[in-house]
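Below is one structure, written out as structure tokens, with a few remarks after it.
What follows draws every value from the coordinates through simple rules; no lab data is involved. Keep in mind that what you see is a predicted model, and the values were worked out from it rather than measured. As a convention, Cβ positions derive from the backbone with ideal geometry for all residues, glycine included, and neighbour counts pool all protein chains shown.
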Amino acid sequence: MKENEKELVKTIQKLSGKYSHHQVFADWIECFALSIVNAVTIFHGKLWNEREKQYINIMKRYDEKERMEIVKMSYLLTETMKSDMSDILGRIYMESGSGNKNTAQFFTPFPLSLICAESVIPKDYDGSRKITLYEPSAGAGGMIIAAAAILQRKELNYQNCIKAVAQDLDWIAVYMCYVQLSLLGIDAVVVQGDTLSDPYISGHYPQNRIFRTPKNMGLLF
């Protein structure tokens, strides 16, 4: 793990006096996701206000010093992802002891995600057409990030090549996925729901369970 990742793990563990590692991680990543989605939402309607209240209510659990640590964590993640295109949040989640034994979550090791992505993207792909990705059990978005990394190795602008839909039943995974895909500038819709019983259909899904990345909203070119 790189220094910023180690510091993130230490901070999660340090903040876990009142709450478990899992709760601290969940609160941080939920607030980070909410801050991104509300920052890029132009119309401040009912959903925007609900998400704003959600953010404030979580932050109220922590004192001023702890809140500053949470903000610093978001900065550290942002800086790390500038130079490391991988499933950083998946690693931090596991290394910090944030896993929830009740959900038995396991995040695919990123080298394996790279192998899978390599087998999916055509060897002769030249970026002349969009690649549409659908990840029905997205986790932290590792498979989509791996596809972006493969395209970058081909010296292609992955931000203009990928259009993705990522769905997961677990809210924490949704927030993790949304944060990472947003920071990487990937065009994606991240959705909370059961892929088998309630698959995402554009225009027919509750807006409060949909998170569109800045790139998807046309705010990155």
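Fully extending the segment from E155 to K123, taken as 0.36 nm per residue of separation minus the present Cα-Cα distance, adds 10.2 nm. Cβ crowding within 10 Å, taken as a proxy for footprinting-reagent exposure, orders I70, I115 from fewest neighbours to most as I115, I70. Extents of the range 110-212, taken as max minus min of Cα coordinates on every principal axis and listed largest first, are 37, 27, 25 Å. Taking a sphere under 10 Å around the Cβ of D187 and counting the other residues whose Cβ falls inside, with K and R at +1 and D and E at -1, yields a net charge of +4.
Its Cα centre serving as origin, the chain has a Cβ charge dipole (Lys and Arg +1, Asp and Glu -1) of approximately 300 debye.
How big is D, in µm² s⁻¹, for the range 3-95 by Stokes-Einstein at 10 °C and 1.306 mPa s if Rh is the Kirkwood radius over C-alpha pairs? It comes out at roughly 114 µm²/s. Between N49, N38, N160, the GNM of the chain built on Cα springs shorter than 10 angstrom shows N49 fluctuating the most.
Extending 7 Å from Cα along the Cβ direction at E69 and again at K130 yields two label points whose distance is 4.3 nm. When the range 3-95 is described by a simple charge dipole with +1 on each Lys and Arg Cβ and -1 on each Asp and Glu Cβ, the residue from F32, M81, I56 located farthest towards its positive end is I56.
Give, as a single signed number, the net charge of other residues whose beta carbon lies under 13 Å from the beta carbon of S113, with Lys and Arg counted +1 and Asp and Glu -1. Result for the local shell: -2.
Over the range 110-212, what is the percentage of antiparallel beta bridges among all DSSP beta bridges, to the nearest 5? Once the DSSP bridges in the range 110-212 are tallied, antiparallel ones form about 20 percent. Relative contact order of the chain, taken over Cα pairs closer than 8 Å and 6 or more residues apart, is 20 percent.
Normalising the average separation of contacting C-alpha pairs (under 8 angstrom, six or more residues apart) by the number of residues puts the relative contact order of the range 1-105 at 46 percent.
For the chain, adding -39500 (n - 2.57) for each run of n ≥ 4 DSSP H residues and dividing by the number of residues yields -16000 deg cm²/dmol at 222 nm. Give the lysines whose C-alpha is closer than 18 Å to that of K163, dropping any in the same chain fewer than 8 places away, or say none. Counting by Cα, and skipping residues close in sequence, K163 has these lysines nearby: K130, K154, K215.
Cross-link check: pairs K14/K60; K82/K123; K2/K60; K14/K72 evaluated at a Cα-Cα cut-off of 24 Å; pairs beyond the cut-off: K82/K123; K2/K60. Compared with the alpha-carbon gap, the fully stretched path from K82 to I115 is longer by 9.7 nm at 0.36 nm per residue. Computed over the range 110-212, relative contact order equals 26 percent, with contacts defined as Cα pairs under 8 Å that lie 6+ residues apart. Across the range 1-38, no residue has a backbone nitrogen under 13 Å from the label position 7 Å along the beta-carbon direction of K53.
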